[in-house]
Amino acid sequence: QAFSLFVKAKEVPAASRCAGGREGVRWRCCRQAFEELPGIHRHVALHHSGDVGRQEGLDAEPAAAGGNPADGPAPADSPEICWDIPDTSRISHGDLTSKVGEVLLYYCYCEVKDPEKLCAWQKALCQHLHLTGKVRVASEGINGTVGGSKVATSLYIEVMLSQPLFKNVLCKEDFKSSAGGAHCFPDLRVGVFKEIVPMGIDPKIVSYKETGIHLSPQEFHREVEQYLSQASQGQSDTILLDCRNFYESKIGQFQGCLAPDIRKFSYFPSYVDENLQLFKDKRVLMYCTGGIRCERGSAYLRSKAVCREVYQLKGGIHKYLEEFPDGFYRGKLFVFDDRYAICSNEDVISACRYCGALWDQYKLCSSPHCRQLVLTCPSCCNKGLTACCPVCQEKELKVTSRASGQILKEECECTWRRPRVPIEHVSQRMLDTGK
């Protein structure tokens, strides 16, 4: 609120905005003119954080004397958000915007009393460092995947670790990195949501605080090794559970895993509910891309009180592959940016949708009304087979042969033939052998 009031005080009166031919000028501060909101936000965060802090202290006094008692005291374990923005004046523009960079993936569960404020700071920080990507903020924490130059991502990590809100919660090892950059995302999207990972269950009902037991990559590797050994002898009491979406596990997964055929993580709770017998008295080893889906997924599974034990891979597949690039995970790792997948080994476990040849490079369905991903090899692409299913392929032909601007009803064989929540028809014999 203090930040907003400070920015508001720098507004140029509407009647004066045309003076000097600068019609777009909306704010003035430190003899500088600003036309866009992100610009004035960056300036205030970089040069006036102390002023904002003092303003906030002044604003707090009346509230302390006669504030709304219904608001209650601020949580003791939820520190104030620091508005620090790193000084980049000594860094060249080329180094800050270099296309040779990386993509960071991270999350942090913590109590956030003012998600809107954290969101505004994140947006200003990312814009200042020329980062693109997606950041989700909620009262339960933050989840982000951002890309930029190595100078920019390094500064981003440094500032994040110095943020009082994340002190003793977030550490450098929590940031997973891979080759990439700002070009891996079309833009920057920062927003406030109810959950930092969309499972569709109120965080107050199923909290990240009730998560499963975290296993390091080394511990998880040993568990999977033991599981596969016992399963081959028909003695396993463990389920190796992939809690990602079907199109992710399709191109890469751990050997011997159970990969649910679901399209969204928000379907995972229903999948568990419909298949509770599958997990009864079992030890469950869960994994996902970076670990965040396991935090809520394992908590939901534990809430059903049917499993003997629930474990999860700390840091997800990302961290596992850093230590075991030729371990028990085979194929590509799906990522939610324009790369679609990153590689750690040479195995190809998926096939072309049309000819069945080994292929694992995703493309968007060529039909304008569809957003599904499709595996179609170069040979089939050359034949014009570029849609995710025959229904979409036919629609694409209709669109190209008819007048432009025509809107066709969205329908896709890939979605209407797929059950929303699959029920696993697994015999007891298969469960006993770990298949």
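The values are calculated or read from the model by the stated rules, or taken from the named source; none is laboratory data. All of these numbers come straight from a predicted model, not from anything done at the bench. Please note: Cβ atoms are built from the backbone with ideal geometry, for glycine as well, and neighbour counts cover all protein chains shown. Just so you know, the surface numbers come from the protein's heavy atoms only, side chains and all, with ligands and any DNA or RNA stripped out. Shrake-Rupley method; radii C 1.70, N 1.55, O 1.52, S 1.80 Å.
Quick notes on this structure:
- The Kirkwood radius of region 93-192, taken over pairs of alpha-carbon atoms, gives through the Stokes-Einstein law at 37 °C and 0.692 mPa s a diffusion coefficient of 247 µm² s⁻¹.
- Spin-label model, residue 99 to residue 36: label points 7 Å out along the Cα-to-beta-carbon direction sit 2.1 nm apart.
- Under 20 Å from the Cα of residue 332 - lysines, other chains or at least 8 residues apart: 176, 250, 264, 314, 319, 363
- Note on region 93-192: with charges restricted to the Cβ of Lys and Arg (+1) and Asp and Glu (-1), its dipole about the Cα centre is near 120 debye.
- Accessible surface of region 339-391, 1.4 Å probe, proportion on carbon and sulfur as whole %: 55 percent
- Within region 135-268, antiparallel bridges make up roughly 50 percent of the DSSP beta bridges whose residues both belong there.
- 3J(HN,Hα) couplings calculated from phi for region 225-234 with the Karplus curve 6.51 cos²θ - 1.76 cosθ + 1.60 (θ = phi - 60°) are, in sequence order, 4, 5, 4, 5, 5, 5, 5, 5, 9, x Hz; Gly and Pro show x.
- Carbon plus sulfur fraction of accessible area for region 93-192, probe 1.4 Å, in percent: 51 percent
- Approximate spin-label separation residue 305-residue 263, in nm, with each point projected 7 Å along Cα-to-Cβ: 3.5 nm
- Net length gained if the chain between residue 423 and residue 9 were fully extended (0.36 nm per residue, minus Cα distance): 143.2 nm
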